[in-house]
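Shown next, in structure tokens, is the structure this report addresses.
Laboratory data are not the source of any read-out in this text; all were calculated from the coordinates shown. Worth saying up front: this structure is predicted, and the values here are computed from it rather than measured. Cβ placement follows ideal geometry from the backbone for every residue including glycine, while neighbour counts extend to all protein chains displayed.
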Ligand SMILES: Nc1ncnc2c1ncn2[C@@H]1O[C@H](COP(=O)(O)OP(=O)(O)O)[C@@H](O)[C@H]1O
Ligand code: SF4
Ligand SMILES: [Mg+2]
């Protein structure tokens, strides 16, 4: 067709737009919150805190005082100590479980996206099966059989995260595998292992890590829900979810017993979501097309 | 079209089979002897062995799976050894409660999410849009058990407007029934609307950039018609998808919400079965829920085809 | 002479982009009498679409429009939304470039035709339907009644463009703007669609602006031609006069780029070498200077303004107009 369309050189198309987006104040507040909670959780044993499981039946639901900064719970246990030790549980499960998803799901997605064919069909198919179970129900059922403990909880929630990580890794690999640098490496006779590890992995890992933070948020929520129902972390170990569950019974007399851990949980989940979402937007391979 | 349905139905079979296998394996392979659970810790080894034989637990795994599957296909999912109720009876009794909860939740969720999405998309980047997008993001970080606690505190403890727990069937006392359902449904809806709103909003913003929207404006159509017919209709597909995807989350949500608000639905049945270690009920309900989920996704696919003329006429 | 139907006065469009402000339309003046056809020609990206969108008041939200667009005695730029809405589709209609994207994929053709008719004409549903069938027949669509229930994806590109034309004609507009109506179509259908437009234009006595990158398209079909380059009108003349004697080197280059029927297929087109200036970085001198074979010193220093040639209606913007330059200092 007779058009006067003139080919536009590449530099014009790849104008450096969008990349230098400012991260924003909220992002930094959220990161700071994550850092504070993380250090409190790690340092909990060496901090001058009271024992979170020591009961004091004479001082049940005590108000804020010099001795108990945030008062005591229904069994006279120090609320502040329980909050901080609760962070330990929530973050342990919340951080380790998505790592299982990241490693297994990431590897499966990378391989499926690179090799395609039968293997991809198989991987995607089995993930569909796993996705057929509503996650909370699956987690509940398995924990019920396996027994309530932190490691069991972690493994189950980790397995549940695999499909999502697989999808992210596969999608990223599929877009990358057609890029010039991969095709060039293939043309130069690089081995599959080399292409996967040297060319693809470094590019896929960024979106995966951003997704990991969102996975942390989801896991903390699910762990909280299970513990809230009394089916997660076994008592008397404190977890934010179980603290909220216990506080529910005294909503009329001491609502703070539910609302303090609730606020901590909400703020932490929101912070991970904020940081994760910001990083996801930055590392989205499709962003380049802006 | 018929061809299409049959093909999709056939594609569903292997997934259902795999789901049943996984459910069976979870229940069978994991530690914890069913016979021991039933008889309790004080049972003698002889009694346990006898019960294992009765229940076929001494048979090889593949045989147990096939015979279990055989029963399942005939509609026999087993019988609770605690209440004597069959799984199907127990589920049938509770399904109306869960369905009512999910329908009300999804309805309220759409009632909030759709208008907000349209208003945001119509003035993307404006003050209202930024405020609602931020609120939706925050709400996505709010687990439903937190929302439930907050709503109970506000409406049941402080204001005393609504009951915190309880249930009567709709057929007996419709108004009281609805009052019992308001807080649980609202709890779930508050978790639903941000997802609905976000997806629909970005979809509509993209649609509003389309040439055919510019042409609709050039045709002098009323802004309301452009927004609700020309821009919303192409997005209805997305809405169906979101609603379909939500059902999985809603099912998980009913579990928590039914427990908190003491609604006798499927979720409560499941949680109760876990508390009492009623493994037959647990296995049966998990299987039914997972199959139900697969079927819902199938229906969503079908709706997709009905809604999108391009798919309906095989131009995919 | 009666007042023109459309007068574009000093219209400029600026678009903010990450690289700075982009001047898509740079102070354009044009006018069009009722029932006449104006061709706007220029290569891709010169601002033809933006100019037409400025007339229709359909610019992107962020765009800044200055100047006046007088249509039928009213300034469209300052007209309030409701009056503008009543005008669009009824007196002022448009056909877009790509029929694959300009029809709503989830509404039937009948709906998309009838909604326009019922919006502007006081017709009930059966009457609107009858009119739709008439219109589809008029634009050459076989079995028009069956078409009404179909969706756009069930029609070929050429069919869709005919439907888009039927929609545009549905309320007997006074002015039809056709923005590259054939660019997205198969070569074999291009002439049919152009002839259809010309025929309907004569039959309905409407004015038409036909926008194209192909000087050949306007040759037999427009009364007047305006050549655009880098957002400006650089030459404007009655079609006959322009083809007899073009003064702007850019117009000459456009003419050379028209595909000739006699050339063998697949011979490369003598496209204009180089590319238009970056619209976010306006040049000080003539925008065409970097690509112009006739460019002299002055061309890089100042912008040539539109001036009359031997006849008043023939305007050009060039310091060294061709076929007039002989004898003048180079
Ligand atoms: N939505 C937009 N945002 C920013 N710049 C645009 C947009 N649309 C077009 N442009 C720019 O405006 C100029 C004129 O474009 P256009 O009017 O579409 O040209 P034409 O129709 O003559 O091909 C071009 O430089 C183009 O890159
Ligand atoms: S003004 Fe100069 S550069 Fe511009 S078109 Fe005329 S001769 Fe060429
Ligand atoms: Mg254009």
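Within region C:6-26, name every residue whose backbone N is under 19 Å away from a label modeled 7 Å from Cα of residue C:83 along the Cβ vector. Counting backbone N atoms under 19 Å from the label point, the list is C:6-9. Comparing A:41, A:141, A:271 in a Gaussian network model of chain A, where Cα atoms under 10 Å apart are tied by springs, the biggest mean-square fluctuation is seen for A:141.
If you take every DSSP beta bridge whose two residues both sit in the protein assembly as shown, what share of them, in percent to the nearest 5, is antiparallel? Each step should come with its number before you reach the end.
Numbers: 30 of 49 bridges.
In the protein assembly as shown, approximately 60 percent of DSSP beta bridges are antiparallel ones.
Averaged across B:134-143, how many Cβ atoms of other chains sit within 10 Å of each residue's Cβ atom?
That average works out to 5.
What ranking do B:63, A:240, B:193 get, fewest neighbouring Cβ atoms within 10 angstrom at the top? Show your work: numbers first, answer last.
Numbers: B:63 10, A:240 31, B:193 26.
Arranged by neighbour count, lowest to highest, B:63, A:240, B:193 become B:63, B:193, A:240.
Convex hull volume per residue, computed on the Cα atoms of region B:153-276, equals 151 Å³. With an a/c value of 1.5 or above and a/b not larger than b/c for the gyration tensor axes a ≥ b ≥ c computed over the alpha-carbon atoms, chain B is described as oblate.
May I ask you to derive the relative contact order of chain C, considering only C-alpha pairs under 8 Å and at least 6 residues apart, and to give it as an integer percent? The value is 20 percent.
Let me confirm one metric for peptide C:103-113, namely the mean number of other chain beta-carbon atoms within 10 Å of its residues' beta-carbons.
Numbers: counts 3, 12, 7, 13, 7, 1, 0, 0, 2, 6, 1.
Going residue by residue through C:103-113 and averaging, the value is 5.
Could you tell me whether the protein assembly as shown comes out rounded, prolate or oblate from its Cα gyration tensor? Rule is a ≥ b ≥ c as square roots of the eigenvalues, rounded for a/c under 1.5, then prolate if a/b exceeds b/c, otherwise oblate.
Values: a/c = 2.32, a/b = 2.12, b/c = 1.10.
The shape class here is prolate.
With R₀ set to 60 Å, the beta-carbon distance separating residue B:137 from residue C:313 gives a calculated FRET efficiency near 0.50. Distance between the pseudo-spin-label points of residue A:128 and residue C:219 (7 Å out from Cα toward the beta carbon): 5.7 nm.
I need B:5, C:211 ordered by Cβ neighbour count within 10 Å, fewest first.
Details: B:5 13, C:211 25.
The fewest-first ordering by Cβ neighbours comes to B:5, C:211.
For chain A, the longest principal axis of the Cα atoms and the long axis of helix A:256-283 meet at an angle of about 10 degrees. Listed peptides B:224-236, C:170-182 appear in the order C:170-182, B:224-236 once ranked by packing, highest mean of other Cβ atoms within 10 Å at the front.
Of interest is the spacing of the C-alpha centroids, which for region B:171-207 and region C:24-43 amounts to 53 Å.
Once the Cα atoms are used to define both axes, helix C:157-169 deviates from the longest principal axis of chain C by about 80 degrees. Full extension of the chain between residue B:173 and residue B:92 yields a length gain of 27.1 nm, computed as 0.36 nm times the residue separation minus the alpha carbon distance.
Sorted by mean Cβ packing within 10 Å, highest first, what order do the peptides A:85-96, C:33-44, A:222-233 take?
Working: A:85-96: 23.7, C:33-44: 21.3, A:222-233: 26.2.
Those peptides, ordered most packed to least, come out A:222-233, A:85-96, C:33-44.
Would region C:22-130 count as rounded, prolate or oblate if I go by the C-alpha gyration tensor, calling it rounded below 1.5 in a/c and otherwise prolate when a/b exceeds b/c, oblate otherwise? Because a/c hits 1.5 or more and a/b exceeds b/c, region C:22-130 counts as prolate. Among the residues of A:157-169, the average count of other protein chain beta-carbon atoms within 10 Å of the residue beta-carbon is 0.
Quick one: if the Förster radius is 51 Å, what FRET efficiency do residue B:245 and residue A:187 give, using the C-beta to C-beta distance and rounding to 0.05?
Numbers: r = 41 Å, r/R0 = 0.79.
That pair, residue B:245 with residue A:187, gives E of 0.80.
Coordinate range of the alpha-carbon atoms in chain C per principal axis, descending: 70, 51, 46 Å. Shown is the FRET efficiency for residue C:33 and residue C:75, computed with R0 = 22 Å from the Cβ-Cβ distance and rounded to the nearest 0.05: 0.75. Counting only DSSP H runs of at least 4 residues, each contributing -39500 (n - 2.57), and dividing by the residue count of the protein assembly as shown, the helix-based mean residue ellipticity at 222 nm comes to -18000 deg cm²/dmol. Exposure proxy ranking for C:242, C:123, C:107, B:61, based on other Cβ atoms within 10 angstrom of each Cβ and starting from the fewest, stands as B:61, C:123, C:107, C:242. What do you get for the angle between helix B:127-140 and the principal long axis of chain B? Use alpha-carbon atoms, 0 to 90 degrees, nearest ten. Result, in degrees: 10. Over region A:148-290, the pair-distance histogram of Cα-Cα distances with 5 Å bins from zero comes to 2, 9, 14, 15, 14, 11, 10, 8, 6, 5, 3, 2, 1, 0, 0 percent, rounded to whole numbers. Plainly put, chain A has a radius of gyration that is 1.10 times its Kirkwood radius, both from alpha-carbon atoms, as the Rg/Rh ratio.
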